[in-house]
1. Out of TYR99, TYR80, report the one residue that is within 20 Å of TYR8 (Cα to Cα), within 13 Å of the ligand (Cβ to nearest atom) and touching a helix residue (DSSP H, G or I) at 6+ places or on another chain (Cβ under 9 Å).
2. Looking at region 102-126, which of the residues that are small (Gly, Ala, Ser) and near the ligand (Cβ under 10 Å from one of its atoms) is surrounded by the fewest Cβ atoms within 10 Å (Cβ to Cβ)?
3. For the condition within 12 Å of the ligand (Cβ to nearest atom), more than 19 Å from ILE114 (Cα to Cα) and surrounded by 15 or more Cβ atoms within 10 Å (Cβ to Cβ), what is the one hit in ASP85, ASP13?
4. Applying the selection to region 52-77, what residues are closer than 21 Å to LEU149 by Cβ, β-branched (Val, Ile, Thr) and within 16 Å of the ligand (Cβ to nearest atom)?
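The values are calculated or read from the model by the stated rules, or taken from the named source; none is laboratory data. Computed from a prediction, not measured in an experiment: that's the story for all the values here. In this analysis, Cβ positions are derived from the backbone assuming ideal geometry, glycine residues included, and neighbour counts consider all displayed protein chains.
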Amino acid sequence: MIVTIRKYESETDNGLLEFHENTTNIRIGSTTMVALFGKDEFCRVFSPDGIWLAHDGKGIAGAILFSINNKIKPACTTIYALSVDEKYRRRGIGGALMYKAEIFTRNNGFNRLILNTQPDNAAALTLFKKCWYSVTATSQNALTMEKTLRNFR
Ligand SMILES: CC(C)(COP(=O)(O)OP(=O)(O)OC[C@H]1O[C@@H](n2cnc3c(N)ncnc32)[C@H](O)[C@@H]1OP(=O)(O)O)[C@@H](O)C(=O)NCCC(=O)NCCS
């Protein structure tokens, strides 16, 4: 199986997104995730380079959504959603999508990435730790994890 990672194309990939009154969701296979709260903000947050898809030639295997977050000081990349279709899991696609977020971060002149996940999401936690993310804040239902890129110029 050859998987390529490419940018989301609004004309052809629009079916992956579900716009609701208070959320925008992304559907990858049988998994639907909240990508963002509020539809209007969606285009602003993720345009133009913030949605990337893993594709195996037949269909979408996974997706990652991220953007530069200027509300956090110093500014960094926030990863809003990461999802891999169940039938494609444990083949390195999640890790490859995470790496895309790092390239994006470096290309934009930043060196830090941040994300939130649930403390009981063993798959995500293991993946993020394997990608060298550390827990920087905890609450009852969420963990904040961060990574600082090395050799940053
Ligand atoms: C989390 C998720 C994105 C991982 O995607 P993936 O493509 O399976 O991840 P990878 O194949 O790149 O996994 C890399 C490593 O992460 C760890 N990992 C991934 N899934 C795991 C699982 N279910 N249990 C334990 N470790 C897991 C392993 O160390 C794995 O390496 P290995 O397969 O060589 O052992 C996927 O399980 C998913 O979409 N889950 C539902 C949505 C979700 O929870 N998203 C994250 C929200 S913050």
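1. On inspection, the qualifying residue turns out to be TYR80.
2. Ranking the candidates gives ALA122 first.
3. On the way: ASP13 fails: within 12 Å of the ligand (Cβ to nearest atom).
After ruling out the rest, the residue left standing is ASP85.
4. Once the filter is applied, which keeps residues that are closer than 21 Å to LEU149 by Cβ, β-branched (Val, Ile, Thr) and within 16 Å of the ligand (Cβ to nearest atom), region 52-77 yields ILE64, THR77.
For every residue, the table says whether it meets (1) at pLDDT below 95; (2) over 15 Å from the mean Cα position of the chain (by Cα).
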| site | (1), (2) |
| --- | --- |
| ILE93 | no, no |
| ALA96 | no, no |
| GLY109 | yes, yes |
| THR117 | no, no |
| ALA122 | no, yes |
| TRP132 | no, yes |
| GLN140 | yes, yes |
| ASN151 | yes, yes |
